[in-house]
Amino acid sequence: MRYADGGGLTAAGRTKRETVRFEAAEMFGQGARPPEVARRLRVSRKSAYAWHAVWREGGHAALASKGAGGFPCRLDDVQAERLQAELEAGPAAHGWSEDQRWTLARVAELIHRLFGHRYTPRGVSYLLHRVGWSPQVPVHRAAERDEQAVESWRTEQWSRVRGRPSSWARG
């Protein structure tokens, strides 16, 4: 499954929050106290007091957004796109033919092979979420499975084997 935006706050969301902080800075400059700012901007008092402390130390510019949180990704945009393409090719294309599952350890090994970066399984999980992938539990099906035979058995045999539904509970 793919996430629409990779999770987290988007650039537009960060800009919107930054605008509210700048409004608070303007109000602080006009002499408004943090409880009044919190009430007028409909934010928590704790946030207003924190913004006020930051504003006192560094002014209006100190309330500017610092960008996305967390450690910066070791892979650039081109590498992230290549990783997605390699993941879509499947594990068999990279030598894991015993089953068709991407595990965090396999993805970490693939990243090391392709780009020379070492990731922990948790770091791989964060990276995959950032590029829009989510963990999935695969449906276990035999490679030799004949779908037509299964469907034929369901329609012809199963109705005879199943019989009428009965209830063990009192009616």
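The values are calculated or read from the model by the stated rules, or taken from the named source; none is laboratory data. Owing to the predicted nature of the structure, the values given are computational and were not obtained by experimental measurement. Quick reminder, even Gly has a Cβ in these numbers, built from the backbone with ideal geometry, and neighbours come from all protein chains shown. Ligands, DNA and RNA are stripped out before the accessible areas are found, and what is left, the full protein with its side chains, is counted by its heavy atoms. Shrake-Rupley method; radii C 1.70, N 1.55, O 1.52, S 1.80 Å.
Residues Ala80, Ala48, Ala53, Ala38: which one is more than 20 Å from Ala12 (Cα to Cα), in a helix (DSSP H, G or I) and at pLDDT below 95?
Selected residue: Ala80, the only one of Ala80, Ala48, Ala53, Ala38 that is more than 20 Å from Ala12 (Cα to Cα), in a helix (DSSP H, G or I) and at pLDDT below 95.
Contact list please: Cβ distance under 9 Å, first residue in region 57-77 and among the small types (Gly, Ala, Ser), second residue in a loop (DSSP other than H, G, I, E, B), pairs at least six apart or on different chains.
Ala68/Gly8; Ala68/Leu9; Gly69/Gly8; Gly69/Leu9; Gly70/Gly8
Is there any pair with a first residue in region 91-105 that is touching a residue at least 12 places away in the same chain (Cβ under 8 Å) and a second that is polar (S, T, N, Q) whose Cβ atoms are under 8 Å apart and which are 6 or more apart or on different chains, and what are they?
Here the result reads Pro91/Ser97; Pro91/Gln100; Leu104/Ser125, each pair linking region 91-105 to a residue that is polar (S, T, N, Q).
Which one is modelled with the lowest pLDDT among residues in region 60-77 that are within 27 Å of Val107 (Cα to Cα) and not small (Gly, Ala, Ser)?
Result: Phe71.
Considering each of Arg113, Arg145, Arg101, Arg74 in turn, give the residue that is part of a helix (DSSP H, G or I) and basic (Lys, Arg).
Arg113
Ala32: among the aliphatic types (A, V, I, L, M), free of Cβ contacts under 8 Å to residues at least 40 places away in the same chain and in a helix (DSSP H, G or I), yes or no? So that I can check it myself, show each step before the final result.
Details: among the aliphatic types (A, V, I, L, M): yes; free of Cβ contacts under 8 Å to residues at least 40 places away in the same chain: yes; in a helix (DSSP H, G or I): no.
Answer is no for this residue.
Got a number for residues in region 93-115 being of a type outside the set (Phe, Trp, Tyr), open to solvent by 50 Å² or more (accessible area, probe 1.4 Å) and either touching a Cys at 6+ places or on another chain (Cβ under 8 Å) or more than 25 Å from Leu9 (Cα to Cα) (or both)?
Looking only at region 93-115, we keep the residues that are of a type outside the set (Phe, Trp, Tyr), and these are 93-95, 97-101, 103-114.
With open to solvent by 50 Å² or more (accessible area, probe 1.4 Å) added as a condition, the list becomes 93, 95, 97-98, 100-101, 103-105, 109, 112-113.
Filter again for either touching a Cys at 6+ places or on another chain (Cβ under 8 Å) or more than 25 Å from Leu9 (Cα to Cα) (or both), leaving 93, 95, 97-98, 100-101, 103, 105, 109, 112-113.
Here the count works out to 11.
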